[in-house]
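Working notes, structure below.
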Amino acid sequence: AQSVTQPDIHITVSEGASLELRCNYSYGATPYLFWYVQSPGQGLQLLLKYFSGDTLVQGIKGFEAEFKRSQSSFNLRKPSVHWSDAAEYFCAVGARGNEKLTFGTGTRLTIIP
Amino acid sequence: DAGVIQSPRHEVTEMGQEVTLRCKPISGHDYLFWYRQTMMRGLELLIYFNNNVPIDDSGMPEDRFSAKMPNASFSTLKIQPSEPRDSAVYFCASRPGLAVGEQFFGPGTRLTVL
């Protein structure tokens with residue numbers, strides 16, 4: 001069965017600082033990996049996705065993520081955060097032939113001035 | 001283009017009442033998913049449809065929950081009777097048939113059962 005672990009429940013960073021959110025997955029085959037963002041009172045919005053090919057993927061809002069098969073990780077990064085990045089971030093895993101996505105428990109990001 | 005539409009956005013009801021949540025997926029999307037989000041359990045998939053047919057309802061918590069998709073542009077999630085532990089945010093999501101993985105989420109319905 002596929003699973004996703006986001007070890008950090010809550011992260012606080014200063015505006016302008018760099019950010020890395022961790023995601024580890026468990027899946028037997030090649031996974032499809034996603035990062036979603038949820039602003040307060042909103043639904044989830046896709047930031048980026050990885051299916052195959054280049055292991056460094058670029059997303060919206062200046063985010064990127066790197067797939068590392070050896071570490072079963074798909075960490076999300078941003079070089080300089082903005083106050084508007086404060087939200088909850090979810091990592092998810094899926095696979096071809098399996099229509100379900102399995103979501104992690106989320107990481108809440110707080111930005112301080 | 002309109003995204004996934006859910007109604008109502010907020011629902012407050014009393015224990016024992018019937019609750020119906022509604023969802024209009026993005027036009028042309030073949031898949032529709034219902035999720036429940038709580039602090040304790042995170043985001044849980046309840047059921048999903050493909051071309052209006054329920055494919056997997058293994059996440060539906062119990063018989064009090066039912067979901068239908070009478071046509072490609074409308075789905076309902078019904079709880080009868082409702083209980084306080086059903087209080088959560090319920091999301092509907094849809095995706096095109098040929099896309100892998102990416103789901104488009106609605107804004108959610110916040111349900112409070114008193």
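Only the coordinates and a few stated rules stand behind these numbers; no lab work does. As the structure is a prediction and not an experimental result, all values here were calculated from the model. So basically every Cβ, Gly included, is an ideal-geometry build from the backbone, and we count neighbours across all protein chains shown.
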Margin query: So if I take the centroid of the Cα atoms in the range A:1-52 and the same for the range A:71-92, what is the distance between those two points in Å?
Written below: 6 Å
Check: Peptides A:28-35, A:73-80: what's the order by average Cβ count within 10 Å, highest mean first?
Finding: A:28-35, A:73-80
Check: Among B:98, B:46, B:32, which one shows the biggest mean-square fluctuation in a GNM of chain B, springs joining Cα atoms closer than 10 Å?
Finding: B:98
Notebook entry, point to check: What's the lysine pair count for the protein assembly as shown at a Cα cut-off below 25 Å, pairs eight or more apart or interchain?
Noted result: 14
Note to self: Can you work out the Karplus-derived ³J(HN,Hα) for every residue in the range B:88-95? Use 6.51 cos²θ - 1.76 cosθ + 1.60 with θ = phi - 60°, whole Hz, and x for glycine or proline.
What the structure shows: 5, 9, 10, 10, 10, 9, 9, 7
Notebook entry, point to check: What ranking, highest mean first, results for peptides A:85-96, B:69-80 when packing means the other Cβ atoms within 10 Å averaged over each residue?
Noted result: A:85-96, B:69-80
Checklist line | Mean separation of Cα contacts under 8 Å (6+ apart) over length of the range B:1-48, as relative contact order % | finding: 29 percent
Next item on the list: Enumerate the amide H contacts of residue B:17 below 5 Å, restricted to partners 5 or more residues apart or on another chain; note that Pro and chain-start residues carry no placed amide H.
Entry: B:82
Next item on the list: Calculate one ³J(HN,Hα) per residue across the range B:20-37 by plugging θ = phi - 60° into the Karplus curve 6.51 cos²θ - 1.76 cosθ + 1.60, and present them in order as whole Hz with x for glycine and proline.
Entry: 10, 9, 10, 8, 10, x, 5, 4, x, 7, 8, 10, 9, 10, 10, 10, 10, 10
Checklist line | Cβ-based charge dipole, chain A, positive-most Cα from A:63, A:14, A:73 | finding: A:73
Next item on the list: Once every Cα of chain A carries one equal point scatterer and solvent is ignored, give the base-10 log of I(q)/I(0) from the Debye formula at q = 0.11, 0.16, 0.17, 0.24 Å⁻¹, two decimals.
Entry: -0.32, -0.67, -0.76, -1.45
